[in-house]
Amino acid sequence: MKRAFIVVVSIAIVHVAMRSSAPWLFAATPAAAAISPDSPTITWTGRAWTAPNPISCFRVSGIDPTCDRFALTITPPQKDFAVTIRVTAANATDAAPPTDDIDLFVRDPSGNTIATSGTAGGIEELVLNNPPAGTYTVVVQPFLVVPGGTYTGFAAIGDPPRDRRSNSYNGVPYTANFVGVPSSTPTTSAPLVADLKVSFNDVGRQAAEPTIGVNRNNNAFFAASTFDFPSSTFPARLARTLVMRSTDKGATWQAVSPSLTAGLADEEERASFPPSSLDPYVYVDPIGLNPSSRAGRLFSVDLDAVCGANAVFSDNEGASWTGVPLFACNEPVNDHQTLVTAPPPAGFATAGYPSMLYFCYNQVGDSTCSRSVNGGLSFAPTTPAFTGGDPSAGSVCGALTGHLAADSKGRIFLPKGHCGLPWVAVSSDTGNSWTRVKITNNTPMADHEVTLAVDTADNVYAVWQDGTFRLPFLSVSKDHGATWSTPLMMAPPGVHEVNFPTIAAGDPGRIVVLFPGSESQDFSDATRPWNIYVVTSVNALDANATFTWTVANDRSDPVHRGDCGPGRCDAQDGGSMFDFLHIQVSPADGAFWGTASDTCVPDPDPTKNCVTNPLAQKLRPGQGVAIRQVKGAALFMNR
């Protein structure tokens, strides 16, 4: 973008702002400085840390005193440019451990967080492309530090990077009369925050259909379910779920399921509860029983062969659990469960728990739901969200659905591939009645998996994979699901097939989508590699939204080979991720967390090494992997 004029912002503004604020807010030395074409670089020294803070820099009246801040005034040149901001822990460059783990946030002149960098280390860097003139706040968070340590800061204005592969693009509106195969177009200029990087960490256990949740303590929980029931008799080798917990940005994981007496299933003296699973699901209600606690309530729900589910929940991050056998057992026969909490709608009340809890599942004939007013201790049935036989939709549509979502007013949304098209059922009265809405006629589907997310302004986003091109599509509703925008094909350039895209949202227009995808055009190739793609947008409400993408795994080490859908991601040799993946946004710092099931893993035996031997047998299910945002645009602007 060419600059026709220069806007000069006086650093005196910064001094005025500092005099009106508490003295500890800007503890860096100096507390403020400016960069411009005439003075392109500056450095500063950060405050001495008083304590670690792994949660957020917005905890006390919007500001946390453990964090540090530096006011950076930017005067742009009359040409394209980039601003690089880097912070380095004082002990990050020596050879002796430990190294402080600090995180970096940049807020725009209006105080909105626009970019984040949160690796598991002591050096963080962000690049802003053509930022407007103004005074920005550099926020440094002492995620895990030794008190008394400090850091140094650096900022520079210069030419934009020339050697980076473009990772931003625009999608394609897919109208009813569209002709040909839709293909995304790279953007002509980089967005303000073009960097997008994630971590990709093994959770230490295989995982089918892994779900994830994050609480306000910034701790993550991962449902890892595989076929290792610890008995030599019935039900030998059924699936069994372990809830895994990470307190260090996903770097390490520990099992916190109840009654676990040893690390390996075959070594257990008694089985964990639930003993086996027909389908796993983990969900974190960030409010929980006690809204003043940051732990929330952690649910682990495993379908039961007879009725409902065997469920456990914890109000202390897995230190202790409450078991609820036959959870939501109102009617027998169930499959493919989903769970969500929501505020009680106007005119409805809860009993002993702040939020309504909803549990929906496939009952073969209908998509059935139950609700709980007491945090999951007991349930009452609602009316079906969808009926399996639906003449208005065309015929017998089945009852498999995507996952529940809810908005701030207590509306609940259940999406579904319904008779070959994406639909959503909406209830504003706790499931007593439902309005069923077809999202579009434009994209026939070959699967049931439509996924929803709701932003902080109650806009609703839907993503799904079509059945013709096998590509991901996005549609938006700004009126609580009543009407939907023209679908936008939003695969990155060069991606030719995807499966079960999943979505999460933050502030208005700010979304993240995750899916397995392949760049091969030979759908019959049993060795073609699949990667995990992560796509973000900060203007998804716009008709011509811009997307930024990255590959989560190492491209030389694919997560799957061969077939992957439509439907279940099964390879020709049976290696499988099963039915879906999952993504959520941390309510603490706004970083997104996703899941993967890696069926193609290395092995010391070359004949079994899927990475180097494309014909090697793949895992069923794949190895559980947690994905976390470490760099990129912020999804929440006040975190």
Go through region 372-401 and count every residue that is in a strand (DSSP E or B) and either within 18 Å of MET445 (Cα to Cα) or open to solvent by less than 60 Å² (accessible area, probe 1.4 Å) (or both).
-> 8
Subset tally (residues that are surrounded by fewer than 20 Cβ atoms within 10 Å (Cβ to Cβ) and part of a strand (DSSP E or B)) for region 354-371 | 1
Hey, among ALA295, ALA319, ALA351, which residue is assigned to a loop (DSSP other than H, G, I, E, B), in contact with a Lys or Arg (Cβ under 8 Å, 6 or more places away or on another chain) and either of a type in the set (Asp, Glu) or surrounded by fewer than 24 Cβ atoms within 10 Å (Cβ to Cβ) (or both)?
-> ALA295
Determine which member of the set PRO76, PRO98 is over 26 Å from the mean Cα position of the chain (by Cα) and within 24 Å of ASN218 (Cα to Cα).
-> PRO98
If we ask which residues in region 220-266 are part of a strand (DSSP E or B) and either open to solvent by less than 20 Å² (accessible area, probe 1.4 Å) or at pLDDT below 65 (or both), their number turns out to be 14
Hey, among the residues in region 402-422 that are buried (at least 23 other Cβ atoms within 10 Å of the Cβ) and more than 19 Å from ALA342 (Cβ to Cβ), which one's modelled with the highest pLDDT?
-> PRO422
Would you confirm whether any residue within region 290-299 is over 19 Å from ASN219 (Cα atoms) and modelled with pLDDT of 80 or more?
-> no
Wholly enclosed strands (runs of 3 or more DSSP E) of region 150-219 bearing at least 2 residues closer than 30 Å to SER246 by Cα and modelled with pLDDT of 95 or more = 151-158, 197-206, 212-214
Any residue in region 426-445 that's under 11 Å from PRO384 (Cα atoms) and in a loop (DSSP other than H, G, I, E, B): show its pairings with residues that are open to solvent by 30 Å² or more (accessible area, probe 1.4 Å) and not aliphatic (A, V, I, L, M) at Cβ separation under 8 Å, as long as the two are six or more apart or on different chains.
-> GLY431/ARG371; GLY431/THR383; ASN432/THR383; SER433/THR383; TRP434/THR383; TRP434/PRO384
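Look through region 128-149, keep the residues that are among the aliphatic types (A, V, I, L, M) and open to solvent by 10 Å² or more (accessible area, probe 1.4 Å), and return whichever of them is modelled with the highest pLDDT. Even if it seems obvious, please write down each step before you answer.
So the first thing to find is which residues in region 128-149 are among the aliphatic types (A, V, I, L, M), and the list is 128, 133, 138-140, 144-146.
Next, from what is left, pick out any that are open to solvent by 10 Å² or more (accessible area, probe 1.4 Å): 133, 144-146.
Numbers: ALA133: 98, LEU144: 95, VAL145: 95, VAL146: 93.
In this case the residue turns out to be ALA133.
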Looking at ARG69, is it open to solvent by 50 Å² or more (accessible area, probe 1.4 Å), in contact (Cβ under 8 Å) with a residue 12 or more places away in the chain and outside any loop (DSSP other than H, G, I, E, B)?
-> no
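Here are some residues: ASP64, ASP80, ASP94. Which one is out of contact with any strand residue (DSSP E or B) (no Cβ under 6 Å at 6 or more places or on another chain), assigned to a loop (DSSP other than H, G, I, E, B) and open to solvent by less than 10 Å² (accessible area, probe 1.4 Å)? If you could, list the steps in order and put the result at the bottom.
Working: ASP80 fails: open to solvent by less than 10 Å² (accessible area, probe 1.4 Å); ASP94 fails: open to solvent by less than 10 Å² (accessible area, probe 1.4 Å).
Among ASP64, ASP80, ASP94, only ASP64 is out of contact with any strand residue (DSSP E or B) (no Cβ under 6 Å at 6 or more places or on another chain), assigned to a loop (DSSP other than H, G, I, E, B) and open to solvent by less than 10 Å² (accessible area, probe 1.4 Å).
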All but one of (1) on the phi > 0 side of the Ramachandran plot; (2) assigned to a loop (DSSP other than H, G, I, E, B); (3) without any contact (Cβ under 8 Å) to a residue 40 or more places away in the chain hold for LEU326; which doesn't?
-> (2)
Scan of region 505-524 for residues that are assigned to a loop (DSSP other than H, G, I, E, B) and either touching a Gly at 6+ places or on another chain (Cβ under 6 Å) or open to solvent by less than 50 Å² (accessible area, probe 1.4 Å) (or both), ordered by number | GLY506, ASP507, GLY509, ARG510, GLU519, SER520
Taking the condition of a type in the set (A, V, I, L, M) and over 24 Å from PHE200 (Cα atoms), does ALA82 pass?
-> yes
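The values are calculated or read from the model by the stated rules, or taken from the named source; none is laboratory data. Computed from a prediction, not measured in an experiment: that's the story for all the values here. Please note: Cβ atoms are built from the backbone with ideal geometry, for glycine as well, and neighbour counts cover all protein chains shown. Keep in mind that these areas ignore ligands, DNA and RNA; they rest on the heavy atoms of the full protein, side chains included. Shrake-Rupley method; radii C 1.70, N 1.55, O 1.52, S 1.80 Å.
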